[in-house]
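Colleague: This is the structure, below, for whatever I ask next.
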Amino acid sequence: RDVRGLMVRGVNGDSDTGWQVISDKPNTKIWRREVGAAGNGGVLVQQGSQGYVYRAAAFFEDPMDLVFGAITNIGNRMEWDSTCKEMRRIRWLESQGTDVIYWRVSFPYPLADRDYVYYRRLYGEDGGRHRFMISRG
């Protein structure tokens, strides 16, 4: 799949509706859609939920192993991410190939720190040329 083309066309090409571009930079694009919008982009949400579902795509010039290793290494996250106060694997769901991650994020005053628990699945395509991280909170 052409990752740069993905960023230009949208998440699922021209047929993907309801996504609003909220950031469009040369190598990064971020979309959001209201929870409850048609399909939610494959994201399961509890009935009656409010808020947004987010998607992002990025293109890196650096070696993929270096980039992917940096953003997925739980043990080293606090070394380069000043907002990360704690991150750890709670459980490995082997049958699903999925991590359950706890992440405490620091926000500036007057906001309080936030605690997140999310599922994370990592996989690659095209002989490792493309890497994907799917997260669900």
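The values are calculated or read from the model by the stated rules, or taken from the named source; none is laboratory data. Bear in mind the structure is a predicted one, so any value in this text is a computation, not a measurement. What goes into the accessible areas is simple: the full protein's heavy atoms, side chains included, and nothing from ligands, DNA or RNA. Shrake-Rupley method; radii C 1.70, N 1.55, O 1.52, S 1.80 Å.
Colleague: When the accessible area of region 62-136 is computed with all protein chains present and a 1.4 Å probe, what percentage of it is carbon and sulfur?
Modeller: Details: 2730 of 5320 Å².
That share works out to 51 percent.
Colleague: Sort all Cα-Cα distances of region 62-136 into consecutive 10 angstrom bins from zero, then give the percent of pairs in each bin up to the one containing the longest distance.
Modeller: All Cα pairs considered, the percentages come to 17, 45, 30, 7, 1.
Colleague: Please work out the average accessible area per residue across region 62-136, using the 1.4 Å probe convention, and give it in Å².
Modeller: Accessible area per residue: 71 Å².
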